[in-house]
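The values are calculated or read from the model by the stated rules, or taken from the named source; none is laboratory data. On a predicted model such as this, the values are computed, not experimentally measured, just so you know. Using ideal geometry, Cβ is built from the backbone for each residue, glycine included, and neighbour counts are taken over all protein chains shown. What goes into the accessible areas is simple: the full protein's heavy atoms, side chains included, and nothing from ligands, DNA or RNA. Shrake-Rupley method; radii C 1.70, N 1.55, O 1.52, S 1.80 Å.
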Amino acid sequence: GFGFHPLWAFADHGPDGSGEPLAVLLRPGNAGANTAADHVTVAAAALAQLPRRLRRGRSVLIRTDSGGGTHAFVGWLHQRRLGYSVGFTLPDTAAELIAKVPAGAWTPAYDADGQPRDGAWVAELTGLMDLSGWPAGMRVIVRKERPHPGAQLRIVDPDGNRCTAFATNTRRGQLADLELRHRRRARCEDRIRTAKDTGLTNLPLHDFTQNQLWCAVVSLALDLLAWTQMLALASHPARRWEPKRLRHRLFTIAGRVAHHARNIVLHLAAHHPWAALAVQAITTLRALPDPG
């Protein structure tokens with residue numbers, strides 16, 4: 001899709017959540033990564049998909065990478081009293097600021113399992129920075145870690161450590177817990193990868209409006225995948241399968257539709273190794289109450 005740059009918002013209820021897309025905005029390819037107006041548009045559209053009681057207040061957490069760490073977008077989130085955890089670009093004076101953090105203020109960061117990680121630490125920079133132009137209550141938390149072999153350091157990274165930061169308005173919680181919560185935003189990258197496997201890799205049409213429709217079709221496909229897995233495959237490892245594996249194992253099972261006694265009967269190939277799972281999934285879906 002040369003010339004187009006979609007911006008997505010996904011729901012995240014943890015590793016066992018649905019992960020369905022809430023909103024997508026197709027933008028020109030020259031659109032800036034940190035365009036606040038686009039972030040506001042997508043966030044507002046995503047919130048409109050939630051129950052009304054969740055559209056304001058800190059019961060909802062908005063997470064973005066550093067593209068969302070702008071004054072205008074954070075100000076909009078603050079105005080709506082939403083919780084946020086957004087990537088924060090450290091200033092050129094970051095090395096001097098980080099050097100002022102007392103040694104005892106650094107606490108071990110957590111790994112993905114919530115256990116202390118060797119060679120990674122977190123600390124708060126809020127009191128050492130001039131945040132007068134940012135909304136009240138915003139905190140800046142920095143993470144430093146020993147770089148992986150081959151990693152490129154930036155000129156602002158001090159003492160040979162890789163440093164990243166994020167901003168949040170959450171007042172409670174251990175710094176390591178807040179940093180891990182922010183880092184789990186990377187689940188969004190899993191959703192993007194799934195979207196690419198479902199048609200987003202190449203936007204096939206030339207017209208901008210036509211590709212908007214294509215993004216809507218991809219979004220619908222992601223919705224169907226997310227809810228099918230959550231409702232029909234919840235107790236099976238297939239709950240975490242990605243589209244390529246689902247297509248290979250479940251969606252290409254040979255079958256035949258028959259009509260008998262005014263009923264439609266689906267016959268699946270009994271010899272297929274995943275036919276039993278498909279039958280189990282269909283049976284589970286049929287047993288669910290009618291949402292209407």
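In nm, to one decimal, how far is the modelled label at MET230 from the one at GLU96, with both set 7 Å along Cα→Cβ?
About 4.8 nm separates the two model spin labels.
Accessible area of the chain with a 1.4 Å probe: how many percent of it is carbon plus sulfur?
Values: 9300 of 16920 Å².
Carbon plus sulfur share of accessible area: 55 percent.
What's the extension gain from GLN280 to ASP177 if we count 0.36 nm per residue and subtract their Cα-Cα distance?
On the way: separation 103, 0.36 × 103 = 37.08 nm, distance 3.83 nm.
Fully extending the segment from GLN280 to ASP177 adds 33.3 nm.
Let me have the relative contact order for the chain, percent, based on Cα pairs under 8 Å that are six or more residues apart. Before the final figure, lay out the partial values.
Details: 407 pairs, mean separation 43.1, N = 292.
Relative contact order comes out at 15 percent.
Can you run phi through the Karplus equation (6.51, -1.76, 1.60; θ = phi - 60°) for segment 198-214 and list ³J(HN,Hα) in whole Hz, with x for Gly and Pro?
Per-residue couplings from phi come out as 10, x, 7, 4, 10, 7, x, 9, 8, 7, 4, 5, 4, 6, 4, 5, 4 Hz.
Could you name the lysines in cross-link range of LYS196, using Cα to Cα under 18 Å and dropping any fewer than eight places away on the same chain?
LYS244
For segment 1-140, compute the orientation-averaged projected area of the C-alpha convex hull (one quarter of its surface), in nm². If you can, show how the numbers build up before the last one.
Working: hull surface 43.5 nm².
So the Cα hull casts an average projection of 10.9 nm².
Per residue, what accessible area does segment 1-106 have, given a 1.4 Å probe and all protein chains present, in Å²?
Values: 5270 Å² over 106 residues.
I get 50 Å² per residue for this part.
Defining a contact as two alpha carbons under 8 Å apart and six or more residues distant in sequence, what relative contact order in percent does segment 161-252 show? Could the numbers behind the result be given before it?
On the way: 30 pairs, mean separation 20.0, N = 92.
With pairs under 8 Å counted, the relative contact order is 22 percent.
With bins 5 Å wide starting at 0, give me the P(r) of the chain over every alpha carbon pair, in whole percents.
Each 5 Å bin holds this share of Cα pairs: 1, 5, 10, 12, 14, 13, 13, 11, 8, 5, 3, 2, 1, 1, 0, 0.
For segment 108-219, what does the accessible surface come to per residue with a 1.4 Å probe? Please give it in Å². Write out the running numbers ahead of the final one.
Details: 6270 Å² over 112 residues.
Result: 56 Å² per residue.
Which residues' amide hydrogens lie under 5 Å from the amide hydrogen of ASP65, considering only partners 5 or more residues apart or on another chain, with H built in the peptide plane?
Placed amide hydrogens put GLY87 under 5 Å from ASP65.
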